[in-house]
Structure formats: C-alpha cells, structure tokens
Amino acid sequence: MLTAQWLYALTGCVVMALGLRAALLHPSLLRRVLAINIMGTGVFMLLVAVAYRGPDLAPDPVPHALVLTGIVVAVSATALALALARRLAREHADD
Amino acid sequence: MPDVLSAVLIIMGIAFYLAGSVGLLRLPDLYSRLHALTKADNLGLGLLTAGLALQSPDLFTVAKLLLIWVAILAASATSAHLIARHARRRETRPCPR
Amino acid sequence: MSPLSLTLFDILLLVSIVVLAWTALTSADERRSVILFMAFGLVVALAWGRLLAPDVALAEAAIGAGLSGALLLAALRELPSAVTASGDGRRSHALRHYATQGTVSVLSVALAGMLAWILTAHFEGPARDELARAVTSHLELSGVSNPVTAVLLNFRGYDTLLELAVLLAAVLGILTLGPGRAAYRPSGPIFDALTRWLTPLLLVTAGYLLWVGAHAPGGAFQAGATLAAAGIVLRLAGSEWIGLPRDGAVLRLVMAAGVGVFLVVGVSLLVLGRPFLGYPPAWAGALILLIESAATLAIAATLVLAFIGGRLPTEADRKGDAVTAPAAGAGANPDPSDDGEPRPC
C-alpha cells in the first residue's frame, strides 16, 4: 500500500468519526445535517484512497463512480432533510 | 528560463495571498478586511495564473486560465461589494423604538 | 515532483481538512459552521484532484461545496439557530454530559477504525485490481472513452438509474412540504451585471461538461450541478421563475425525464431482445448521451427546486395568500439587511 493511500484513508476515518460524533450529540438540527455530510465525505475519502494506484497508473474507476453517486445522494438527502426541518420550524412557530 | 520566470511569478502571487490572509486575521474592521481579501484575489490570482500560463502545453489552456481569473475577479469584487453594503446598511438603519 | 515534497503537500492538505472539519462541527456560530463547511468541501475537492479523481473533484466542488453550502445557507434563515436567541448561545450548543460524549466518541472511532480495516485488509492480493482490469478491457465496447462515465452509465447503469430515482423521491418529498420561499429582492446594478454574464457562461459550461463527459472528466452530474448553480444565481438576483417551465405539468415532466428516459431506453432494449440496459456497442455512445441529457435537465430542475424549498408559487397560492399577504410579504420576502441579529443602535 502506498503512503498516500494510508494518509488519506486515515484522514477519511478521522473525518468520519468527527462527523458521526457531532451528528449524534449536537442538539441543533442544521448542525446535524452538516455533520452527516461531513461523515459522508470522510467515507468518500476512504473509497478514493482505495482507488488510488500511484502517480503512474490510472486509478480504479469503480470507486470513483460509487463516490460520484454518493455525492449526489448526499445532496438530495440534505435537501429533503432541510425542507423537513423548515416545515418543522414553521409548525412550531405557529403555536 | 520559462520555469524560473514561472516560479518567480507564482511566488509573488503566494506573497499576495499571504498578505491577504494576514490582513484577514489582523485588520480591525470588516471593510479593511474585505479590502485585504480582494487584493489577494485580484493580483495574487493574476500572478498565479500568469505563472501557470507559462507552464501550460497549449494556448487553449492559457485561455481557460485567463477566463478563470476574470470570472473570479468579477465574482470576488461583486461579493465584496454585497458584503460591504449589507454591513453598511446594518449600521445605519434607524433603531426600532 | 519528488515523493517527499508530495508527501509534505499531502500532510498539509490533510491537516487542513481535519482542522476545517473540526472547526465547522464545533463552532458556536451556525453561519460560521456553514461557511467553514463550504471551505472544507473545496479543500476536499483539491484532495480529489491530487488523488487523480478529476470527475469526483468537479462533482465535489459543484455539488458538495457549492450546492450543499447554498442549501444550508438558505436554511440558516429559517431554522431556529443556536445563537439568534442571545442567551441560549452557550447552552444550546454545549453537549450533553460527559458519559454520553465519551461513549459516542469511542463508538465513532471504533466504527471508523473497523471500516478502514475492512477496506484496507484487501489492498494486497489478486482480487484488488479485478474490477479495474475488467473495466479497462471492455472500455471500447462501452461507447465512451472516459472510464468513470463508462462505469456510471453503462457497466453500473442500474446504480445510476436508482440514484436518479432517489433524487426524484427527494424532490417529491420536498414538493409535498408546502410552497417555497419567495425570491430575493433584486439587489442592485452590480449583482445584476454579474448575473447577466455569469448565467450564460454557466449554461455554456454545463453544455460543455455534458458533451465532454464521454472522453474527458465531466458528465451528467457535473453538468446538472452547473445548470442548477445558474438557476440559483438567477434566484438570488430576484427572478421568480428562474427559467423553469411555468406550466406545472411540463416541470413535472422535466423532473421525471431523468428516470423516465433511462427506463424507456432499458425497456425498449428488453423488447428488442437484449438484456435490460444492455446497449448494443454501435449505439452505446448515442444512447448514453441521450440518457445523460435528460438526466442533466432533471438534476438541475430538482436541485433548483430543492434550493427554493418547495414548489414554485402557483396562481392558487397567490390568490389564497391575498388575505395574509401583508404578513406573508414581510416574512416571506426576506429583507437582505435584516437577519434577526441584535443591531447596534
């Protein structure tokens, strides 16, 4: 395994752990959505690190496609979560 | 020769970015910080793209780099204006009774 | 570049990524969190570029940093933030007692470590490159020469079909949650001037990214995100309709077209005797471009509607709101210089 792969995989884990911790513990809804996004980015970093094969070889395209799919799914989930939160805020503001 | 010139240009660009970051951290006021940041974007990025343009393989890449610089110039100038105007309005609005 | 200087660059980049994530998650001010999150997304896009993943870098910069950041910033205004109530700032972002914090931290680290071990345990061995070799050997049959596009649209076309369905499901959920926000007030000549030439530039870039995805980094998702960015810029400049079709039926057709065209192509191939989504190699390039074009429009429409927060105002909404218009007008048309924070008098 290359040095770069270890470094990026480790960082991906750290970022994922940070995001997971904040998503579970933080009271604010907006911050939780942000934390889930950051957690997802950590996982993507892990996947792309696995796909890297050094500066001379072309990287493995399958994890790249998985990460691309993941990014789009993450943004749709974020959009839905924020719309739900907005509706919640409106309901609570009325009473 | 082009390598040396390109390195010099990039280092000068980085110096502007450093100055902009120091200004962001140390200047007292929103407006002066905006001023420091836009200097980094204008001249810093310009020098950086000039240095990179000397390294690029063909004229098409140079044109793309130039386009990136112009787009970022316009966007950063506009957003600095919007931020400064928003801050100014907040200061001078009459207070609610 | 020498390996040592590359490793140094890696370490600097990764340290800044971790620091940005940490400060974004623990900052007291929510607006600062969101802006740090956008910076985090951009630095991560740099990391993707360094790892030779340009398609992912384009998508992360456009969608992960840009669109997610815009969605979060737009939501900041309406969600009860931890710091707008001045007294609650410190208390509501302080976490619960230490036992819970400790347990969750340990569990998070354990989960992340386990994930890393699972993925890296198979770094050596013959199975490592199997899929990559399969992709490379079948690339000429796929109809495109960019391996990531080939995997997305041909070899793993099912996944992309279901991903577009997820996008559609999200926008259906958003549509059921009520009318969207009103457009922002037109903010003046300078921003108008920027919008006037930025929007055509974004449209041309989106078309270029769609076309070039076949043989260079690019593709439907990046193009759709750029198109959505053009829509958001128009929204910020005060446009109510943002270039979307005003007829609700046509808009729904555009949104459903992403999944729809994919399904139509798949089923027609079934009818013609080939497997579902099994493109004949001579037609593969054209079919992929067709599917990608529909997907681009659908993704752009979906993301712009998500930014608005709901459906575009219809005539019924306008008439129904006539009674409550004064109140709704004050609240729903956000004054850009009023964001609820205490102002110095």
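Restricting to segment B:48-84, name every residue that is touching a Pro at 6+ places or on another chain (Cβ under 8 Å) and within 14 Å of chain C (Cβ to nearest Cβ).
B:Gln55
Among the numbered conditions (1) out of contact with any Gly (no Cβ under 6 Å at 6 or more places or on another chain); (2) free of Cβ contacts under 8 Å to residues at least 60 places away in the same chain, tell me where C:Ser145 comes up short.
Condition not satisfied by C:Ser145: (2).
Condition test on A:Thr69, is it in contact with an Asp or Glu (Cβ under 6 Å, 6 or more places away or on another chain) and under 24 Å from C:Val171 (Cβ atoms)?
Answer is yes for this residue.
Identify the single condition in (1) outside any helix (DSSP H, G or I); (2) at the interface with chain C (Cβ under 7 Å from one of its Cβ atoms) that A:Gly54 does not satisfy, given that it satisfies every other one.
With (1) outside any helix (DSSP H, G or I); (2) at the interface with chain C (Cβ under 7 Å from one of its Cβ atoms) applied to A:Gly54, the lone miss is (2).
Sort out which residues of segment C:82-96 are outside any helix (DSSP H, G or I) and either within 16 Å of A:Ala23 (Cα to Cα) or at pLDDT 80 or above (or both), and write them in order of number.
Answer for segment C:82-96, where residues must be outside any helix (DSSP H, G or I) and either within 16 Å of A:Ala23 (Cα to Cα) or at pLDDT 80 or above (or both): C:Ala82, C:Ala94, C:Leu95, C:Arg96.
Could you tell me which of the residues B:Asp29, B:Asp3 is more than 21 Å from B:His86 (Cβ to Cβ) and at pLDDT below 90?
On inspection, the qualifying residue turns out to be B:Asp3.
How many residues are basic (Lys, Arg) and at pLDDT 90 or above if we restrict to segment A:22-71?
Of the residues in that region, 2 qualify.
Which of (1) closer than 18 Å to C:Leu202 by Cβ; (2) exposed (fewer than 14 other Cβ atoms within 10 Å of the Cβ) does B:Thr78 not meet, given it meets every other one?
Every condition holds for B:Thr78 apart from (2).
Give the residues of segment A:58-76 that are out of contact with any Lys or Arg (no Cβ under 8 Å at 6 or more places or on another chain) and facing another protein chain (nearest Cβ under 7 Å), sorted by residue number.
A:Pro61, A:His64, A:Val67, A:Leu68, A:Thr69, A:Ile71, A:Val72, A:Val73, A:Val75, A:Ser76
Check whether at least one residue in segment A:41-56 is in contact (Cβ under 8 Å) with a residue 24 or more places away in the chain, more than 25 Å from C:Ser27 (Cα to Cα) and of a type in the set (Val, Ile, Thr), and report yes or no.
Within segment A:41-56, one or more residues are in contact (Cβ under 8 Å) with a residue 24 or more places away in the chain, more than 25 Å from C:Ser27 (Cα to Cα) and of a type in the set (Val, Ile, Thr).
Filter segment C:1-51 down to residues that are more than 7 Å from every other protein chain (Cβ to nearest Cβ) and of a type in the set (S, T, N, Q) and give me whichever is surrounded by the fewest Cβ atoms within 10 Å (Cβ to Cβ).
Here the answer is C:Ser2.
Looking at segment C:111-122, which of its residues are facing chain A (nearest Cβ under 9 Å) and either more than 30 Å from the chain's Cα centre (by Cα) or modelled with pLDDT of 85 or more (or both)?
Step one: of segment C:111-122, the residues facing chain A (nearest Cβ under 9 Å) are C:111-113, C:115-116, C:119-120, C:122.
Result: C:Leu111, C:Ala112, C:Gly113, C:His122.
So which of C:Gly273, C:Gly238 ends up being on the phi > 0 side of the Ramachandran plot and without any contact (Cβ under 8 Å) to a residue 24 or more places away in the chain?
Details: C:Gly238 fails: without any contact (Cβ under 8 Å) to a residue 24 or more places away in the chain.
Testing whether each residue is on the phi > 0 side of the Ramachandran plot and without any contact (Cβ under 8 Å) to a residue 24 or more places away in the chain leaves just C:Gly273.
The values are calculated or read from the model by the stated rules, or taken from the named source; none is laboratory data. Predicted model, so just to flag it, every value in this text is computed and none were measured. Note that each Cβ is placed from the backbone with ideal geometry, even for glycine, and that neighbours are counted across all protein chains shown.
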